[in-house]
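Student: This is the structure I have questions about; it appears just below.
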Amino acid sequence: MTDSTETKALATKPKKSGGGKLVIFMVIIGCVIPFGVPTLLVCLGLTPTIVALLTDTEESHSSLATIGYLNFAGVLPFLIDLWQNGQTMEAALKIVFDPLSWAIMLGAAGIGHLILYAVPPVIASVILINQESRLRTLREGTQQLEAIWGADVTGNTPLDAVKKNKGG
């Protein structure tokens with residue numbers, strides 16, 4: 001391939017757009033103005049989710065969903081506490097500077113990471129065991145059919161030999 005054909009081939013490939021990330025960035029900026037104090041708490045608390053958003057390259061975005069939902073579950077009690085105690089910067093900074101609140105918010109994201117990396121191998125093992133059991137059952141059934149009907153039923157006999165034996 002020549003350089004000009006390679007250039008044309010590269011130029012015709014569809015480019016991935018980062019539109020989703022831009023929209024989320026715009027929503028965050030748009031929320032800072034009218035809802036500055038709660039947005040500060042949410043943006044700081046959801047830092048692991050934002051990192052997962054920026055680094056997740058899978059098409060299914062399973063890490064973003066797993067980490068994000070549990071991280072939000074860790075941030076939500078403090079957000080509700082902020083709403084109940086008045087949305088002041090003092091109340092928000094009290095939550096932000098409390099180590100226990102960080103342990104809960106980041107711990108929930110950590111549980112999301114744990115689920116993300118521990119559950120798929122367990123599910124894969126269960127599926128593998130089920131498939132091996134099904135294969136064993138099918139092989140036993142094939143052996144029973146072979147005992148009743150002969151070796152032709154297994155499909156291991158060449159078709160010409162079957163035709164010769166059966167006159168087909």
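Conditions (1) small (Gly, Ala, Ser); (2) in contact with a Gly (Cβ under 8 Å, 6 or more places away or on another chain); (3) in contact (Cβ under 8 Å) with a residue 24 or more places away in the chain; (4) closer than 16 Å to residue 38 by Cβ, marked per residue:
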position: 55; (1), (2), (3), (4): no, no, no, no
position: 65; (1), (2), (3), (4): yes, no, no, no
position: 77; (1), (2), (3), (4): no, no, yes, yes
position: 97; (1), (2), (3), (4): no, no, no, no
position: 100; (1), (2), (3), (4): no, no, no, no
position: 108; (1), (2), (3), (4): yes, yes, yes, no
position: 116; (1), (2), (3), (4): no, no, yes, no
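Student: Still on this model: Being buried (at least 18 other Cβ atoms within 10 Å of the Cβ), in a helix (DSSP H, G or I) and at pLDDT 80 or above is the filter here; which residues of the range 29-49 pass it?
Tutor: Matches in the range 29-49: 41, 42, 45, 48, 49.
Student: Under 7 Å between Cβ atoms, at least 6 apart or on separate chains: pull out the pairs that start in the range 129-155 with a residue that is among the acidic types (Asp, Glu) and end on any residue that is in a helix (DSSP H, G or I).
Tutor: 146/153; 146/154; 152/162
The values are calculated or read from the model by the stated rules, or taken from the named source; none is laboratory data. Since the structure is predicted, the reported quantities are computational estimates derived from the model, not experimental observations. Please note: Cβ atoms are built from the backbone with ideal geometry, for glycine as well, and neighbour counts cover all protein chains shown.
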